[in-house]
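The values are calculated or read from the model by the stated rules, or taken from the named source; none is laboratory data. Bear in mind that the values here come from a model prediction, so they are computed numbers and not experimental data. With ideal geometry, Cβ positions are generated from the backbone for all residues, glycine too; neighbour counts draw on all protein chains shown. To get the accessible areas, we keep the full protein, side chains included, count just its heavy atoms, and leave off ligands, DNA and RNA. Shrake-Rupley method; radii C 1.70, N 1.55, O 1.52, S 1.80 Å.
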Amino acid sequence: MSSVMQLGYLVFEVSDLDAWEKFGTKILGMSVVDERGDRGFSLRMDGYQQRFFIEAGPADDLAAIGWQVKGPAELEGIAKRLTDAGHQVLQGTPEQAAARNVQALIRFEDPAGNPGEVFYGPKMADTPFESKVVRSGFVADEQGLGHVVIVSKDDAAHQAFYETIFGFKLSDYIRCEYFGHKIDVTFMHANRRHHSLAFGGGQNKRIHHFMVQAKSMDEVGMCYDRFLFSGGMVHQTLGRHPNDKMFSFYGYTPSGFHFEFGYGGVEVDDASWEPTTYGKVSEWGHHPPQLLTKAYRKAKEGGKS
Ligand SMILES: [Fe+2]
């Protein structure tokens with residue numbers, strides 16, 4: 001079956017281009033491709049010409065996920081499976097493909113209404129990627145840019161959609177309580193990266209977070225420092241997840257959804273991989289500092305601390 005190879009790009013519609021440019025370059029350590037225009041800009045992090053399209057608009061949310069396939073036959077195969085399953089497929093125009101710097105693309109919506117694109121033939125950069133901020137660089141290229149976590153409505157239907165039409169495989173589930181919230185997240189992979197896609201319900205925006213993975217552990221600490229000293233708000237402190245073993249922290253992007261900056265994620269070998277269900281979000285850490293502070297204050301006021 002023709003399958004998605006990797007998470008090729010993400011498109012965000014953002015209300016503050018200036019803040020995103022600072023965030024993308026000074027915090028995440030990516031570089032702006034070409035000159036920034038009024039309508040937006042794109043960011044580079046590896047051998048691909050660009051991985052993030054930052055577009056001006058009021059939504060402050062995900063505008064598209066770009067899934068890469070090998071070539072025209074694979075694109076055709078996915079378009080046919082979408083159509084056969086009753087989903088609408090829009091053929092991208094040459095102008096739309098040119099805007100993404102790919103040879104061809106189609107557009108679709110997943111069962112929760114998240115906008116997706118499938119493409120082949122991305123433009124590769126002429127020079128190796130170098131960052132003065134993240135000197136060791138990112139784990140990306142053939143593993144894709146990282147992962148994206150999006151909203152779902154019916155988890156089983158969502159999983160079946162991405163399995164049967166796009167060829168994603170189940171990695172595992174996390175189901176637990178987290179500071180009064182019910183967590184039920186499904187993790188799926190398209191290559192060796194533990195997950196390129198994850199989804200769950202109970203989210204206000206289409207996207208919960210995206211993750212990029214540095215090649216050294218110190219980069220995570222240095223990004224944490226840069227983010228704190230820029231006045232950024234941490235969403236979850238440093239910690240390690242039980243399933244992909246990612247050592248990471250989460251912060252708020254200028255659009256209000258989150259980013260995860262990590263190191264050391266496990267890789268999946270399909271020959272021996274056994275999907276399982278985890279009962280906690282993290283082995284340690286990944287705590288929400290604002291909620292902890294409130295809980296601490298409340299405990300003190302109650303004379304318990
Ligand atoms: Fe994540």
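Scanning the range 56-100 for residues that are in contact with an Asp or Glu (Cβ under 8 Å, 6 or more places away or on another chain) and either open to solvent by 70 Å² or more (accessible area, probe 1.4 Å) or assigned to a helix (DSSP H, G or I) (or both) yields P58, Q88. Among the residues of the range 207-216, is any open to solvent by 40 Å² or more (accessible area, probe 1.4 Å), within 16 Å of the ligand (Cβ to nearest atom), in contact with an Asp or Glu (Cβ under 6 Å, 6 or more places away or on another chain) and not β-branched (V, I, T)? The answer is no, given that none of the residues of the range 207-216 is open to solvent by 40 Å² or more (accessible area, probe 1.4 Å), within 16 Å of the ligand (Cβ to nearest atom), in contact with an Asp or Glu (Cβ under 6 Å, 6 or more places away or on another chain) and not β-branched (V, I, T). The single condition among (1) within 16 Å of the chain's Cα centre (by Cα); (2) open to solvent by 30 Å² or more (accessible area, probe 1.4 Å) that D46 does not meet is (2). Restricting attention to the range 231-281, the residues that are open to solvent by 20 Å² or more (accessible area, probe 1.4 Å), more than 14 Å from the ligand (Cβ to nearest atom) and part of a strand (DSSP E or B) add up to 5.
Among all positions in the range 192-201, there is no residue which is away from the ligand (no atom under 14 Å from the Cβ) and buried (at least 20 other Cβ atoms within 10 Å of the Cβ).
Residues are listed down the side, and each one gets a yes or a no for (1) among the polar types (S, T, N, Q); (2) exposed (fewer than 15 other Cβ atoms within 10 Å of the Cβ):
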{"residue": "K153", "(1), (2)": "no, yes"}
{"residue": "Q159", "(1), (2)": "yes, no"}
{"residue": "T164", "(1), (2)": "yes, yes"}
{"residue": "E177", "(1), (2)": "no, yes"}
{"residue": "H181", "(1), (2)": "no, yes"}
{"residue": "V185", "(1), (2)": "no, no"}
{"residue": "M188", "(1), (2)": "no, no"}
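Taken together, V11, V32, V4 contain a single residue that is at negative phi, aliphatic (A, V, I, L, M) and either in a helix (DSSP H, G or I) or over 18 Å from the mean Cα position of the chain (by Cα) (or both), which is V32. Criterion applied to D154, D225 was being modelled with pLDDT of 95 or more, more than 16 Å from the ligand (Cβ to nearest atom) and over 26 Å from M30 (Cβ atoms), and the one residue passing it is D154.
Kindly evaluate K205 against the criterion of being under 26 Å from A59 (Cα atoms), assigned to a loop (DSSP other than H, G, I, E, B) and touching a residue at least 60 places away in the same chain (Cβ under 8 Å).
Details: under 26 Å from A59 (Cα atoms): yes; assigned to a loop (DSSP other than H, G, I, E, B): yes; touching a residue at least 60 places away in the same chain (Cβ under 8 Å): yes.
Against the criterion (under 26 Å from A59 (Cα atoms), assigned to a loop (DSSP other than H, G, I, E, B) and touching a residue at least 60 places away in the same chain (Cβ under 8 Å)), K205 qualifies.
Among the residues of the range 282-296, is there at least one that is touching a Ser or Thr at 6+ places or on another chain (Cβ under 8 Å), within 15 Å of the ligand (Cβ to nearest atom), within 25 Å of V220 (Cα to Cα) and part of a strand (DSSP E or B)? Within the range 282-296, one or more residues are touching a Ser or Thr at 6+ places or on another chain (Cβ under 8 Å), within 15 Å of the ligand (Cβ to nearest atom), within 25 Å of V220 (Cα to Cα) and part of a strand (DSSP E or B).
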